[in-house]
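Visitor: Below are the structure tokens for one structure; questions will follow.
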Amino acid sequence: ALPSTIGVSGKSGDHGRKQLSAFGRIVSNLSAGALILLSLLTLIVLITEGMFDRLVMSNNGQSLDYFWAGYGETCELASTGWVPQSCSALEANATTPDAWASVGHILAAQWSLELQEASPLYITTCIVGGHTAVGWGVLIFIAGYDAYPACIPTTGGQPIAGIAMLETT
């Protein structure tokens, strides 16, 4: 008597399953290779389109034409945040008290090297936008070493210690 695992042709029934398994692996490998080639092709297209050459620039010069306006020139910044009682009520009420204190701490951390040169820094706050013509507004902080910088300089450039922007949506 012949073993029951041998078919009519004399080959084991396992051979068909091996062929199907090999075919599945070939299709899987070809699919993986196609995905890798598609990724490389996408990368090449993005690079040739200037993916790494992108430069976003906000053309928002300090002028009335770009909706800049003074907001306040009273805040002083020390290494721990705002100098107590230095900001006007208008400036301090631009946001909640906790948020305003956090802004002072963050600016002090960001400008810690400048604060080693001169302390306190004199912070001018400017509002940009906040006008019905544009529908948006931001608060700009400009830090000066020994005086309050102008929001809209009239005599050309001015030395500043730093500039930061607070915006919300």
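Visitor: For residues that are assigned to a loop (DSSP other than H, G, I, E, B) and closer than 22 Å to W100 by Cβ, tally how many sit in the range 112-166.
Guide: Residues flagged as assigned to a loop (DSSP other than H, G, I, E, B) and closer than 22 Å to W100 by Cβ within the range 112-166 amount to 9.
Visitor: While we're here: On the given criteria, is P153 over 30 Å from T42 (Cβ atoms), modelled with pLDDT of 90 or more, not basic (K, R) and not assigned by TED's automatic domain parsing to the domain that holds T42?
Guide: Here the answer is no, as P153 does not meet what is asked.
Visitor: Return yes when L77 is modelled with pLDDT of 95 or more, touching a Gly at 6+ places or on another chain (Cβ under 9 Å) and in the same structural domain as I160 (by TED's automatic domain parsing) and no when it is not.
Guide: It is true that L77 is modelled with pLDDT of 95 or more, touching a Gly at 6+ places or on another chain (Cβ under 9 Å) and in the same structural domain as I160 (by TED's automatic domain parsing).
Visitor: For the range 75-105, enumerate the residues that are of a type in the set (S, T, N, Q), on the phi < 0 side of the Ramachandran plot and free of Cβ contacts under 8 Å to residues at least 24 places away in the same chain.
Guide: S88, N93, T96, S102
Visitor: Same structure again: When you look at S28, is it more than 30 Å from T132 (Cα to Cα) and modelled with pLDDT under 95, yes or no?
Guide: yes
Visitor: Moving on. Between I152, I127, I106, which is surrounded by 15 or more Cβ atoms within 10 Å (Cβ to Cβ), aliphatic (A, V, I, L, M) and in contact with a Gly (Cβ under 9 Å, 6 or more places away or on another chain)?
Guide: I127
The values are calculated or read from the model by the stated rules, or taken from the named source; none is laboratory data. Computed from a prediction, not measured in an experiment: that's the story for all the values here. Cβ sites come from the backbone with ideal geometry, for glycine too, and all protein chains shown count toward neighbours.
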